Structure formats: C-alpha cells, structure tokens
Amino acid sequence: MKPVLLTLAILFHLAGQSQPKTFEGIIHYKVVHTSKLAAVSATDFARENPGNTMTIYIKNGKKKIVAGDFTTYSLPGEENSYRIISGFDTLYTIEPDTTKQQKIEQKAQRSTIAGYDCESASFKERIYTYDYCFARDIICDKNSNDPDIWLSQKVSCIFSEQAITCTQVEPRPLDDSIFALPAFPRTKYQYNMHYTKAELPGGWGKYLQRTLNADLALKYVKIPKGAEGASATARVVFVVTPAGNIADVMVENPKEIHPKLAAEAVRVVTESNRWKPVTYRGKKVPQVLVQPISFAITK
C-alpha cells in the first residue's frame, strides 16, 4: 500500500463560522493494518510503519509526526516537509503533491473520538478510499479556518485496510526544540526509494504479446457508433511472493469489463510465474502490484 496521508491535504470550508483557537500539544493514535490477501500479512503492509502507534506534536502551525521508522516535520512558511528514517543519517525533503486533488464528500455521520465531536468526510484516489473524522475544535494553522488535523483515518482498497484512530488528545505547552530539524545531509525523498522493482524475466511487454488472446476483443468489446475503435482494460491485482511466484490474482474493476476479458487477464497474470521479486532494504519481500491489461479493436 502506498503511504497514507499523515495530514489532511484537502481542506474543509467553514463558511460563517468563527475561527477556533489553534491547538498546542500532543495527539496519540493507534494504528491497525489488515490484509485481505493470503500471501501478504498485515505486518508486510506495515513494513514502512511498523508498530501500532502514531504520535503528532503540534504548535503554532508546526507539526512533528512520529510513526514507526518515520519522523516527519511540517513547518509554517516551508513549502516542503522533511523526513528522517530510522537507521539513516539523512534528512529527506518531501516536495508538495502537485497532482489534482480529489473532490471531497462531507458526510452527515458524526462521532465522538477522544472526547471531541467529529464530522466525517471521504474521497477516492485511484483504487483507494479515504475516510476521515475531524474535529473543528482542533486547528493547527492559525492562518486557516479549516480543520487540518484528523482524529481518525481509514484507507481501504480491495487488498488491504489501514485504520488510524486517536486515543488521546493532550493539550500542553511544547518546547520549540521538539520541531528542530536534525543537522543531517539533505536529499530528495522518493516513495519506494528503499525498494527494488519486481521484474518478469524477458519483459512484461513481450510476454503479453505472445500470451494474451487479443482476439477476444472482437467478441467482447463494442465500438460505439461513430467511433473508429474502442478498448477495455482490466486492472489486475496480484502478489509477487519472495520466491517470485504469483498469488492472490484478482481483477480490481470487474464491473467495468466483460467477465471473459477479466478471466483472460487473470489467466495471463497467473501464468507469468517466476518473477524477480521485490527487495526492501536488501531483503526479499512480498509485494502487491496492479497491472492494467487492455483489449482494443479498430474498424
């Protein structure tokens, strides 16, 4: 699973409401990882954030987030955030995400978390669904009227779920030294920087060309009136095990493609056994991959 958002990137407009007092103190969370796959454990999904707790320190717009091997700093006036990883004397610079933000949907559901009245919201990004609960009484940035700290977050998809829930809100004065950046050499942070990629010997493209029954598109893909061609794509989720075998093969979008095409995509992936597995910090580990397989026709 990709890393979850540790701060609420999509803000909620508080029309006609007075600005709450900014929060200073510590927020404690419990973290629960759940695997929906046979070949990948919850511990595997928690590889980069082991343990079952997360802690956020907040003061005057400054945030320090401690979660497993990661400590992440967000400072007012700084466009980038910063991260240190246990075992590495490096300060990683995280550039802001410039991709288009998804439209958020606020929900009527309310809940009480750690004694705070919370509202709910959610959005979808590719194969992931994000559900948040946030309290309007907890604001980090004094220059914003919007909640920018959530008290619960659930990230779910077809193969896993991660739930982070606040267990305690601890208002208290904090010393500025907590937010001081370590004096380490700096370099740009990249997701999967400690991984090597899974590879199919001989190349996936060549394997697909000789294995896929592309003629199925003639029967199960329809060209719309006035169009010159059409295509249908199965997004196949599967696991490459540490031994390079294929497991837990499924189609993530079965409602968007004919069952015969979905079955062919599953067959092709299943028969592509003996991959070069992923390594994380030099150790072979299971990894979930999502591979699109397209069927196209033209007039």
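What to note about this one:
The rows are residues; the columns are (1) among the charged types (D, E, K, R); (2) touching a helix residue (DSSP H, G or I) at 6+ places or on another chain (Cβ under 6 Å).
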| position | (1), (2) |
| --- | --- |
| Lys206 | yes, no |
| Gln209 | no, no |
| Ala217 | no, no |
| Tyr220 | no, yes |
| Gly229 | no, no |
| Val236 | no, yes |
| Thr241 | no, no |
| Asp248 | yes, no |
| Pro254 | no, yes |
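- Subset of the range 24-65 [part of a strand (DSSP E or B), open to solvent by 50 Å² or more (accessible area, probe 1.4 Å) and either of a type in the set (Phe, Trp, Tyr) or free of Cβ contacts under 8 Å to residues at least 40 places away in the same chain (or both)]: Thr53, Tyr57
- Contact map, the range 159-181: residues that are within 30 Å of Val237 (Cβ to Cβ) and of a type outside the set (S, T, N, Q) paired with residues that are in a strand (DSSP E or B) and open to solvent by 40 Å² or more (accessible area, probe 1.4 Å), Cβ distance under 6 Å, separation 6+ or inter-chain. Pairs shown: Glu161/Thr34; Ala163/Val32; Ala163/Lys154.
- Only one entry in Tyr280, Tyr220 is surrounded by fewer than 18 Cβ atoms within 10 Å (Cβ to Cβ), touching a strand residue (DSSP E or B) at 6+ places or on another chain (Cβ under 9 Å) and closer than 19 Å to Ser35 by Cα, namely Tyr280.
- Against the numbered list (1) of a type outside the set (A, V, I, L, M, F, W, C); (2) over 15 Å from Tyr207 (Cβ atoms); (3) open to solvent by 60 Å² or more (accessible area, probe 1.4 Å); (4) touching a strand residue (DSSP E or B) at 6+ places or on another chain (Cβ under 8 Å), Lys260 comes up short only at (4).
- Qualifying residue in the range 230-237 (condition: farther than 21 Å from Ser41 by Cβ and either in contact with a Phe, Trp or Tyr (Cβ under 6 Å, 6 or more places away or on another chain) or in a helix (DSSP H, G or I) (or both)): yes
The values are calculated or read from the model by the stated rules, or taken from the named source; none is laboratory data. Quick caveat: nothing in here was measured; it's all calculated off a predicted structure. When we count neighbours, we look across all protein chains shown, and the Cβ atoms used for this are built from the backbone with ideal geometry, even at glycine. Keep in mind that these areas ignore ligands, DNA and RNA; they rest on the heavy atoms of the full protein, side chains included. Shrake-Rupley method; radii C 1.70, N 1.55, O 1.52, S 1.80 Å.
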